[in-house]
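S.K.: Structure below; questions to follow.
A short reminder: the numbers here are calculations on the coordinates, not readings from a lab. Computed from a predicted structure; not experimentally measured. Heads up, the Cβs are rebuilt from the backbone with ideal geometry, glycines too, and the neighbour counts pull from every protein chain shown.
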Amino acid sequence: MDELLNDAARRAQAYLKGLDNRAVAPSAEALAALSELAGPWSEQGMDATEVLAKLDRLGGPATMASAGARYFGFVTGGSLPVALAANWLSAAWDQNAFSTVSSPLAASLEIACLGWLRQIFGLPKTAGGAFVTGATMANFTGLAAARHAVLARVGWDVEQGGLFGAPPITILVGDEGHAALLKAVRMLGLGEARVKRLAVDDQGAIRGDSLPSISGPTILCLQAGNVNSGAFDPADQLIPQAQGMGAWVHVDGAFGIWAKAASHRASLAAGYELADSLAVDGHKWLNVPYDSGIALVREPGALRAAMSITAAYLPEGSVREPYDFTPECSRRMRGADIWAALAYLGQKGLADLVETCCRHAAMMAKGLQASGYEVLNEVKLNQVLVSFGADETTERVIAGLQADGTAWCGGTHWHGRAAMRISFSSHATTDADVVKSLEAILRVAASNSTASDNTG
């Protein structure tokens, strides 16, 4: 076992050290070689060292280098070395974070992390929370608590009676709400077609004057960080209005809510501490390994009512039992990664991580604008949207950059226009990486502009 685990560590270290010298996207040859993973299942099995060697030989070159410094797609944060190491260690411990009995350590780590997370996001010390796979399940968890609460207010027990015959719930979402939130709405049986969309401004944030009159069970869903522009819905205006009319306010804060941790960005997220529930990712801006999400709920009783289970073999007591707050029962110990990242960074380190990513976004936007390209959003956070002219040209530049391999950025459509989306969320990115990536983007853009001119 010792040699096998040491071999795995050596291979992982070699992979990470080699990221800066390879293309961000895998080559066609590496992808074609993945076919070797399939085939007849052997009767006798392979030697463990051969299994690891084959996985490394075929898998490593076929990965997207999202752990590296120049991956700017999908708001994917790299893993802090300390969080990665904690992840390895906790995998060796092989704890089931189901309960205080199955893993006292996992339960204790979650309590410790919840204390720090409540402090970061300005929630009361009594707020409850759950550690889940990512923002989709965090939204699902927060909205399940919301569903319980708004129906309980009108005398309906949704956990026992279900939704058949239940009073209808109105869901209010900004017109640019994220697909993960809407997926959670569908999974909860609330119906995406029943969602009422609210008007947004030119940055994709809900307009402060768009909130309708509210009556009956209602959940208002806000977004802390538009996935394209990084814009925030005006929480300080909308939350008091909605709660004053009896609505539950849920926040999809997957990456943007981490702005709360940086003093120069916290004003963007002003008022979000008043929300009833919050969904946030750890594997985005906190830079812990996949998968990691957190749901936080102001009233823990609503979360517990929506998620708790009862069984004869389970303990009864006054301690926080993880299974009472999460959708899953058997779970990996995500608290270890989060605890390690927060303990290592401290308040200043987390603030610096957020601020550095925002500064890099501003650097990129300034460089693109100086070269004559149109930045489509107000760059106040970590997101940059850029157009290189006609939609066809922009799409060619995106494809060209991805093929170039220096950096990786994805595409999107923003208010009817094709755009390159550049997301800064990794601790690994340096100023030099921003400069190198900008040079690559400009080189590819110039080449495509020339080709377009010649074609025209």
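S.K.: Just subtract the alpha-carbon distance of GLU3 and ASP291 from 0.36 nm times their residue separation and send over the number in nm, one decimal.
M.R.: Values: separation 288, 0.36 × 288 = 103.68 nm, distance 2.73 nm.
Here the answer is 100.9 nm.
S.K.: Round to the nearest 0.05 the FRET efficiency obtained for SER267 and TRP116 when R0 = 35 Å and r is the Cβ-Cβ distance. Walk me through the numbers on the way to the answer.
M.R.: Numbers: r = 22 Å, r/R0 = 0.61.
With a Förster radius of 35 Å, E is 0.95.
S.K.: Calculate the length of the line joining the C-alpha centroid of the stretch 331-382 to that of the stretch 34-49, in whole Å.
M.R.: The stretch 331-382 and the stretch 34-49 have Cα centres spaced 41 Å from each other.
S.K.: Now, a different point. Normalised by the residues of the chain, what does the relative contact order come to in percent, with Cα pairs under 8 Å and at least six apart? Display every interim value, and only then the final one.
M.R.: Numbers: 858 pairs, mean separation 96.8, N = 456.
21 percent.
S.K.: Shifting gears a bit: Arranged from highest to lowest average of other beta-carbon atoms within 10 Å per residue, in what order do the peptides 185-192, 111-118 appear?
M.R.: Numbers: 185-192: 16.5, 111-118: 18.2.
Highest to lowest by the protection proxy: 111-118, 185-192.
S.K.: Further, regarding this structure: Which option, (i) 1.12; (ii) 1.03; (iii) 0.95, is the value of Cα Rg over 2.2 N^0.38 Å that was calculated from these coordinates?
M.R.: (ii)
S.K.: I want the antiparallel fraction of DSSP beta bridges within the chain, as a percent rounded to 5.
M.R.: On the way: 23 of 40 bridges.
Bridges in the chain are about 60 percent antiparallel.
S.K.: What are the membrane-span-like helices in the chain by this rule: whole DSSP H runs, Cα extent along the axis at least 20 Å, mean Kyte-Doolittle hydropathy at least 0.5? Could you put the intermediate results ahead of the total?
M.R.: Values: long enough: 2-17 (22 Å, -0.82); 104-121 (26 Å, 1.09); 135-152 (25 Å, 0.89); 334-370 (43 Å, 0.29); 431-455 (36 Å, -0.01).
Those that clear 20 Å and a mean of 0.5 are 104-121, 135-152.
S.K.: How high is the relative contact order of the stretch 222-299, in percent, counting Cα pairs under 8 Å that sit 6 or more residues apart? Mind dumping the intermediate values first?
M.R.: Numbers: 128 pairs, mean separation 21.8, N = 78.
It comes to 28 percent, rounded to a whole number.
S.K.: At 0.36 nm per residue, minus the direct Cα-Cα distance, what do ALA199 and GLN347 gain on full extension? Give it in nm, one decimal, please.
M.R.: Numbers: separation 148, 0.36 × 148 = 53.28 nm, distance 3.60 nm.
Taking ALA199 through GLN347 to full extension adds about 49.7 nm, to one decimal.
S.K.: Straight-line reach from LYS436: which lysines fall under 28 Å, measuring Cα to Cα and dropping same-chain residues less than 8 apart?
M.R.: Result set, ordered by chain and number: LYS17, LYS284, LYS348, LYS366, LYS380.
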